1. Positive end of the dipole of segment 16-92, charges at C-beta (+1 Lys, Arg; -1 Asp, Glu), about the Cα centre: which of LEU20, LEU52, LEU87 has its Cα farthest in that direction?
2. Of the cross-linked pairs LYS18/LYS65; LYS17/LYS65; LYS18/LYS56, which ones have a Cα-Cα span greater than 32 Å in the structure shown?
3. Hey, can you rank 58-66, 6-14 by average C-beta count inside 10 Å, highest first?
4. Rounded to the nearest 20 Debye, what is the dipole magnitude of the chain about its Cα centre when Lys and Arg each give +1 and Asp and Glu each give -1 at the C-beta?
5. Roughly to the nearest percent, how much of the accessible area of the chain is carbon and sulfur, given a 1.4 Å probe?
6. Could you give the alpha-carbon Rg of segment 1-61 over 2.2 N^0.38 Å, rounded to two decimals?
7. From the phi of every residue in segment 55-61, what ³J(HN,Hα) in whole Hz does the Karplus formula 6.51 cos²θ - 1.76 cosθ + 1.60 yield, where θ is phi - 60° and glycine or proline is x?
8. For ALA73, enumerate residues with amide H under 5 Å from its amide H, sequence gap 5+ or separate chain, H modeled in the peptide plane.
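The values are calculated or read from the model by the stated rules, or taken from the named source; none is laboratory data. Predicted model only: the values in this text are computed from it and were never measured. Every residue, glycine as well, gets a Cβ built from its backbone with ideal geometry; the counts of neighbours run over all protein chains shown. Quick note on the areas: whole protein, heavy atoms, side chains included, nothing else; ligands and nucleic acids left out. Shrake-Rupley method; radii C 1.70, N 1.55, O 1.52, S 1.80 Å.
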Amino acid sequence: AVPRTRILATGGASHNKKILQVLSDVFNAPVFTIDTANSACLGSAYRAIHGLVAEKNVSLADVVKLAPEPRLAVTPTPGAEELYRPLLKRYAELEQKVIYNSASSC
């Protein structure tokens, strides 16, 4: 996983601990949740605020600090990284292959 990576899950699936655990294990990162309705709208609102203050060199991270504090839901299962790391590498390689082939056939 990327150092200091964390996953923020919202919406209906964020209430399912088993789904959150899979995300945590696959990406070797803790998963946090925010209990809020219409999370997509909330994300759009933060992006809009960021757009309004962008010329003042305010980062999106600074804007999102206004958000409710996320709660830790799950952490990676010990040993899961050894299983998923090679699979993630293979997935990234296949994804690049698809992107390259799609771009070259246009």
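1. Most positive-ward Cα: LEU87.
2. LYS18/LYS56
3. 6-14, 58-66
4. Numbers: 12 positive and 9 negative charges, 10 e Å.
In total the dipole reaches around 40 debye.
5. Numbers: 4800 of 7970 Å².
Reported share for carbon and sulfur atoms: 60 percent.
6. Working: Rg = 14.2 Å, N = 61, 2.2 N^0.38 = 10.5 Å.
Compactness ratio reported: 1.35.
7. For segment 55-61, the Karplus curve yields 5, 9, 6, 8, 7, 4, 4 Hz.
8. VAL31, PHE32, THR33
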